[in-house]
C-alpha cells in the first residue's frame with residue numbers, strides 16, 4: 001500500500017494546479033509506465049517502487065516530501081494550540097494550499113542545533129545544555 005505522501009503526490013500529478021505542467025507530467029508517466037494510471041490510487045501503487053519517478057514528479061509538481069511533512073507538522077501544531085486554548089488564524093491544509101505559506105502565517109519559530117555525531121568534541125552536550133538553560137531559569 002502506498003504511503004500517504006506517495007498518494008498525495010499521485011493526486012498532485014494527476015491534477016496539477018498549473019496547466020503548463022500537464023505535458024511534463026504526462027511525458028514522465030509515459031516514459032516510466034506502460035499504461036497510464038486511471039486514478040490516484042493506481043498511480044500511487046505504481047510509484048511505490050519507483051523513487052526515480054517520484055523525484056521527477058515532485059520536481060515538476062512542486063509537491064516535495066518536505067512540503068508533505070510540513071503539512072503534517074502544521075496539523076499537529078493546530079491540534080496542540082487548540083488543546084491549550086490558543087487561537088490560530090492558520091487555515092487547515094487543503095489540496096490547493098501551500099504548506100510553506102501556511103507555516104509563514106502561523107508565527108512558528110524553530111531552533112536547530114548541530115552536533116552530537118561521531119566526534120567526541122562535546123557539541124551534543126553543549127546543545128543539550130543550551131536547550132535546557134531556559135527551563136532552569
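General observations
- Which listed residue, of 70, 24, is surrounded by 14 or more Cβ atoms within 10 Å (Cβ to Cβ), touching a helix residue (DSSP H, G or I) at 6+ places or on another chain (Cβ under 8 Å), without any contact (Cβ under 8 Å) to a residue 40 or more places away in the chain and within 14 Å of residue 5 (Cβ to Cβ): 70
- Single residue of the range 31-47 satisfying the filter (in contact with a helix residue (DSSP H, G or I) (Cβ under 6 Å, 6 or more places away or on another chain) and part of a helix (DSSP H, G or I)) that is surrounded by the most Cβ atoms within 10 Å (Cβ to Cβ): 47
- Yes/no for residue 110 being out of contact with any helix residue (DSSP H, G or I) (no Cβ under 9 Å at 6 or more places or on another chain), modelled with pLDDT of 90 or more and exposed (fewer than 11 other Cβ atoms within 10 Å of the Cβ): no
- All conditions but one from (1) touching a helix residue (DSSP H, G or I) at 6+ places or on another chain (Cβ under 7 Å); (2) crowded, with 19+ Cβ neighbours inside 10 Å apply to residue 50; the one that does not is (2).
- Scanning the range 18-30 for residues that are in a loop (DSSP other than H, G, I, E, B) and not assigned by TED's automatic domain parsing to the domain that holds residue 93 turns up at least one hit.
The values are calculated or read from the model by the stated rules, or taken from the named source; none is laboratory data. Keep in mind that what you see is a predicted model, and the values were worked out from it rather than measured. Positions of Cβ are backbone-derived with ideal geometry, glycine not excepted, and every protein chain shown enters the neighbour counts.
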